[in-house]
Structure formats: C-alpha cells, structure tokens
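Taking it in order: structure first as structure tokens, then the write-up.
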Amino acid sequence: MRLSALAIRNAKTREKAYKLGDGHGLYLLIKPSGTRLWRMNYTHMGRQKTLSFGEWPLLSLAEAREKRDEARRCLAAGLDPSEERKLEQMRAEVAASNTFRAIAEEWYVKNEREGLSAVTLAKLRWLLDKAYLTLGNRPIKHIGAQEVLLVLRRIEGAKHYESARRMRSVISRVFRYGIATARADRDVAADLRGALVTPKVKHLAAITNPADAGALMRAIAGYTGHAVTRIALEMSAHVFVRPGEIRQAEWTEFDFDRALWVLPAEKMKMRRQHRVPLSRQVLTLLSELKLHTGHGRYAFPAFHTPRRPMSENTVNTALRRLGYAQDEMTAHGFRAMAATLLNEMSIWNADAIERQLAHMENNGVRRAYTRGEYWEERVRMMQHWSDYLDQLRDGAKVIRAKFGAA
C-alpha cells in the first residue's frame, strides 16, 4: 500500500519504533521521539542493506520516492546504491578541494611558510578576497579566460588599473600552483596579458636637489609635533630605508655598540637580511628616541597602543603639516632623495648605493657577479650622508669628500 501525505501527518508515535511502507523497499521509520526518517531496504549481491534518505518533513514523500527510484536504477545497472553514494561524496569532496578558493588558500599558506612579509601577505589577501566573490566556489578547471577577464574588468571600471594588473598576476600564480598540484590544466590568466589597461607609471614625489633638501631638513628640525614623529622624519632622511621598515623597527634590531641596524629577512621586500650602518647622528637620534619608546617592542609604536607599530600615514601626514604637498614629497621620497644625491656626488660605487637601498639586481648574470656587500664603503657613505644632510640643513657650502669607492 502506497503512503500519502495525510497518512504520514496522522501517524501516531508508539512505545517502539515502527515502519510505514510505500513499496519497493521505501518506508518511513517513526521513532518514539516523534522523529520520522526515510529508509530503503534493498538486496545487492545477496546481502541485505539499508539506505538513509533523510528526515520528514524536510524530505517530502515525493522527494523520498525520487531517491528510491534513483537507487533502483543503480541496482538495475548492477551497482550498489550505498557504494555509489560514497563515491559521489568523495567526488564532491574532491571537487570542493579543487575550487579556486581552496587552491588559492593552499597557495597563500605556502607563501606564509616561505616568509613573505606581513604587508605583502595583506595585499595578497585583499586581492584574493576580491577574486573569491566571483571565482571562489568555481572548480578551477571550469574557469575560462573570459570569466577571469570579467573579474578584472570590474576593477578596471573603477579605474583601479594597477590593482587589476596585480590581480591578474595573482590569479595567474594560483593557476600555476593548481597546475603544479595536478588540479588545473593551464593558466588561463596568462591569455589576458595585453587585455588590460596599462597603468601609467607614477613616480613617487621626492626632493632631489641639495637646496630643497636643506630646506626640508630645516623644516624637519623645526617640527613642533610629537617628538617621536620628528625623529621618524629625521631617521627616514638619514637611513633611507623603506617607510614600512622604519615603522616596524624593533629595539632588538639595533646594536648600539657596533653602530648597526639589522633588519631581518622577513621584514624586507626582497626577503634578504639587510644591514644599515648607523652614523653618529642616527645613534644620537636613537638615544633620544629610547627615552620615549625604549620600554616597548617597537622603536616607533602607534600612539594609541605600544603593541603595534606607528601608522603608515604618520610620516606623510607630518610632511603635509610641514607644508609639503603630496606631489612634492612623500615618506618614500627620502629614498629617491638619497639615491639621487649620493649618485650625483660621483664618489660612491653605484652598486654600494644600490646595496644600501636594499635593491636586487634584476639581471641574473650580473647579480651572480656582484654578490659583494661593499660594507666598508657603505659605512663611510652613511656617515658622509648624515654629515652632508647636516651641512645642507645648516646652509653651509658642501665640500665633497675626497674618499670614495674602496
């Protein structure tokens, strides 16, 4: 006798579980608790087995019959419905692990383990989260170039051309990781080279002539804001490391006895340890700074909590307060200022300047032959640079040093 929706609703609970049959092995198991579960008994290869379909009313009578009929088709084909269900679950799990999101997250963890900086990882996370909105749950093998292009076009539509370029690169790297782990066949993002708007190169604003550099140093010396911010400005000029490296400097990295600042590889853009010789002027600045922040981890902590480094906007905001517009000078501009003026002195080896800027030689062959650190020259150069900045600040006529490359 076939079941009806009315018979199911009217079925009463009993002290023991009992069954209401619907034919061809399907039945509703009614438990004393009132729970009603769809089951199907069947025989395969001479063995009695039971399938569980779900709970009524979440699974209706019609849906339970559909599942029973599907199981009977499996049996007619000589297959075991229980085993087929397990295989289907395995296929679903494999498919889930082959989504763009799953592969991208594996690749992200790989980058974490390889020691990419927190700043770089944050940029990757931001780009991946944007890509996940459209591509996240898609099996990577099913994603085509046009699908990726639509994602990139949305970013271009907001005129974020550089972000679109970077996202194409990140998506491409995820696809290449998928290929390496046998879950993708090809890098469809590679097909999009040339399809995006090429962003115009924007050179960060910087002061690059001696007179203006002297005026800047005088303005910094007269800064009336927080002493820690003033020291950050002066340090930026004297050591010309990247702004993030200044902000995240920790007291344990400074060796006052050796006049040395050692930046660990994980904080560096190129993932290589970097050493900065400390001039007498910088040591004096650090001694002053230690009176303000020497009790904590960071040399330049955030103003609201010593557990975090200074905000990335602090130095740029101080420059605006000093009257320098965004197109005149930036925190990153201290590097360009130092690179330009040191090269114009014509007394320092260009490679020594590049090493002090922590730049990586792009030419692999040349890099293999320029492994030297030019350390002794860099020590002299950094002291000369601090002396030079003092002379520019004081308005004195600058006399070039008579020593140069070792």
- Which label belongs to the value computed from this structure, given these candidates for percent of Cα pairs over 31 Å apart: (i) 55; (ii) 51; (iii) 60? (iii)
- Message: Given N residues in the range 5-92, what is its alpha carbon radius of gyration divided by 2.2 N^0.38 Å?
- Response: 1.15
- When a/c is below 1.5 the answer is rounded, else prolate if a/b is larger than b/c, else oblate, so apply that to the range 100-192 with a ≥ b ≥ c taken from the square roots of the Cα gyration tensor eigenvalues. oblate
- Message: List the residues, sorted by chain then number, that are 5 or more residues from residue 250 or on another chain and whose placed amide H is less than 5 Å from its amide H.
- Response: 299
- Task: With θ set to phi - 60°, apply the Karplus curve 6.51 cos²θ - 1.76 cosθ + 1.60 along the range 25-38 and write out the HN-Hα couplings as whole Hz, x wherever there is a Gly or Pro.
- Result: x, 7, 8, 10, 8, 9, 8, x, 6, x, 5, 10, 10, 7
- Could you state the principal axis extents of the C-alpha atoms in the range 156-219, from the largest down, to the nearest angstrom? 60, 27, 17
- In the structure shown, do any of 67/130; 12/49; 159/269 have a Cα-Cα gap over 32 Å, and if so which? 67/130
- Computed over all unlike Cα pairs, the Kirkwood hydrodynamic radius of the range 93-147 in Å stands at 11.8
- In order through the range 330-343: 3J(HN,Hα) via Karplus (6.51 cos²θ - 1.76 cosθ + 1.60), integer Hz, x for Gly, Pro: 10, 4, 6, x, 4, 5, 5, 4, 5, 4, 5, 5, 5, 5
- Item | Stokes-Einstein translational diffusion, the range 1-147 - Kirkwood Rh over all Cα pairs, 1.002 mPa s, 20 °C, in µm²/s | 111
- Whose amide H sits under 5 Å from the amide H of residue 184, counting only residues 5 or more places off or on another chain, with H placed in the peptide plane? 179
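Per DSSP H run of at least 4 residues, take -39500 (n - 2.57); add these up for the chain, divide by its residues and hand me the 222 nm value, nearest 500 deg cm²/dmol. Provide the component values of the computation, followed by the final result.
Details: 16 runs with 202 residues, N = 406.
Taking each H run of at least 4 residues, the total per residue is -15500 deg cm²/dmol.
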- Packing-ranked peptide list from 276-283, 180-187, highest mean Cβ count within 10 angstrom first, is 276-283, 180-187
- Exposed-loop cut sites defined as GluC sites (Glu not before Pro) in DSSP loop states with at most 11 other Cβ within 10 angstrom; longest site-free run of the chain spans 115-406
- Counting chymotrypsin sites (Phe, Trp or Tyr not before Pro) as exposed when in a DSSP loop with at most 15 other beta carbons within 10 Å, what is the longest stretch of the chain free of them? 1-255
- Which far-off residues, 5 or more places away or on another chain, put their amide H under 5 Å from the one on residue 56, with H placed in the peptide plane? 36, 37, 38
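Readers should treat all values here as calculations from the given coordinates under stated rules, not as data from a laboratory. All figures in this text were calculated on a predicted structure; none of them were measured in a lab. Note that each Cβ is placed from the backbone with ideal geometry, even for glycine, and that neighbours are counted across all protein chains shown.
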